[in-house]
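Working notes, beginning with the structure itself.
The values are calculated or read from the model by the stated rules, or taken from the named source; none is laboratory data. Please read all numbers here as calculations on a predicted model, not as lab measurements. Cβ sites come from the backbone with ideal geometry, for glycine too, and all protein chains shown count toward neighbours. The accessibility values were calculated without ligands, DNA or RNA, using every heavy atom of the protein model including side chains. Shrake-Rupley method; radii C 1.70, N 1.55, O 1.52, S 1.80 Å.
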Amino acid sequence: MPPRKKATRRKKAAPASVGLTPAETGNAAGAELDRLAEQVAADGGAVVGRYSDPFGGTPLLVAALPVDRVEPTPYQRDASDAHVKRLMGVIETIGRFLDPIVAVREDGQYVTPNGNHRLQALKKLGVKTVVALLVPEADVAFKILALNTEKAHNPFARALATMKGMSDRPEGSFAFEFEQPPFLTLGTCYEARPRLSGGAYQSILRRVDAFLDEPMTRAVKERDRRGRKILKLDDAVSAAVEKLKARGLTSPYLKPFVVSRVNYTRFSKATTFDFDEALDKIIAAAARFNVDRVKQEDVARAGGGPPDEE
């Protein structure tokens with residue numbers, strides 16, 4: 001694991017000092033934008049307008065697209081039926097669709113990285129057209145994943161592993177999109193064990209996990225393997241927790257308490273760790289955890305407080 005980068009404080013921007021003026025946003029032009037506009041027309045859509053993004057100056061189209069030619073990117077979670085129904089009700093109540101989706105054009109079709117619920121609501125309402133902010137650069141769909149609070153890292157990673165031009169890129173080249181290596185490792189754990197208390201293992205993974213230099217085709221398999229090792233640790237920690245409960249300790253903080261006791265990396269001054277070596281040591285420590293040496297005040301000092309009185 002590479003040494004942690006020193007956090008840098010963001011410089012405060014002067015008010016109204018960044019990007020384009022309102023007048024400048026209307027100057028969107030260029031051969032690429034013209035070509036995209038022609039493709040929209042050929043696809044049965046219509047360009048409603050064009051403008052330059054006020055922050056970075058990127059040219060964009062506002063386009064009305066045939067709804068049946070737009071699909072979500074393949075690495076999103078399935079749409080929530082309840083959420084879709086709520087959106088349908090809102091759209092019907094106000095009689096307007098006021099929240100355009102973001103879309104990119106790929107292979108004659110359009111995909112949206114952040115508008116699946118809105119798209120599904122329109123389709124179920126039988127609407128013919130969806131209004132979209134159409135971005136010329138197709139790879140922006142991956143960048144938007146990092147801004148999407150409903151992102152699902154592992155389905156996204158597996159999708160990249162099958163995409164031409166993406167599958168041979170190293171996992172580390174998608175660091176912006178994935179944010180943190182532990183999200184990928186824990187993601188495979190949640191898929192296998194949805195009720196896992198994954199946060200308890202973040203303190204370990206932040207020290208021993210790192211983005212991989214392997215291409216995505218191999219990286220997704222390695223993440224599955226690392227996830228299985230975390231689940232093995234969870235089994236050992238859960239067994240220790242059950243033994244503590246049997247001794248009358250019922251604090252909800254028992255799992256983090258056990259993890260903190262077996263996580264030797266938190267006391268280490270080392271800046272790099274071998275993932276397997278570290279996890280094997282921690283799993284072994286959890287397996288031999290001596291519950292007889294734990295007192296209620298030990299758990300309380302760890303932040304758990306006293307157990308609830310019956």
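Key figures for this structure:
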| item | result |
| --- | --- |
| Förster radius 45 Å - calculated FRET efficiency between H83 and E38, Cβ distance, rounded to 0.05 | 0.80 |
| Gain in span if fully extended, K123 to V90, counting 0.36 nm per residue against the direct Cα distance | 10.4 nm |
| Coarse-grained scattering of region 180-310 at q = 0.13, 0.18, 0.22 Å⁻¹, given as base-10 log I(q)/I(0) from a Debye sum over alpha-carbon atoms | -0.56, -0.99, -1.33 |
| Region 3-132: relative contact order as a whole-number percent, Cα under 8 Å and 6+ apart | 24 |
| Stretch gain in nm, segment K11-E24, where the contour uses 0.36 nm per residue and the Cα spacing is subtracted | 2.2 nm |
| Rh (Kirkwood; distinct C-alpha pairs) - the chain, Å | 23.1 |
| Residue of L205, L98, L186 that the Gaussian network model of the chain assigns the largest fluctuation, springs spanning Cα pairs under 10 Å | L98 |
| Within the chain, percent of DSSP bridges classed antiparallel, to nearest 5 | 70 |
| Region 11-81 and region 162-241: distance between their alpha carbon centers, rounded to Å | 33 |
| Mean separation of Cα contacts under 8 Å (6+ apart) over length of the chain, as relative contact order % | 15 |
| Isotropically averaged projected area of region 53-92, using the convex hull of Cα atoms (one quarter of hull area), nm² | 5.0 |
| Using alpha-carbon coordinates, inclination of helix 216-246 to the longest axis of the chain, degrees | 40 |
| With Cα atoms, 0 to 90° folded angle of helix 81-94 axis to the chain main axis | 40 |
| Nearest-ten-degree value, helix 31-42 long axis tilted from longest Cα axis of the chain | 80 |
| Per residue, in Å², the accessible surface of region 3-105 once ligands and nucleic acids are set aside, probe 1.4 Å | 70 |
| Accessible surface of region 16-87 [probe 1.4 Å, protein heavy atoms]: carbon and sulfur percent | 53 |
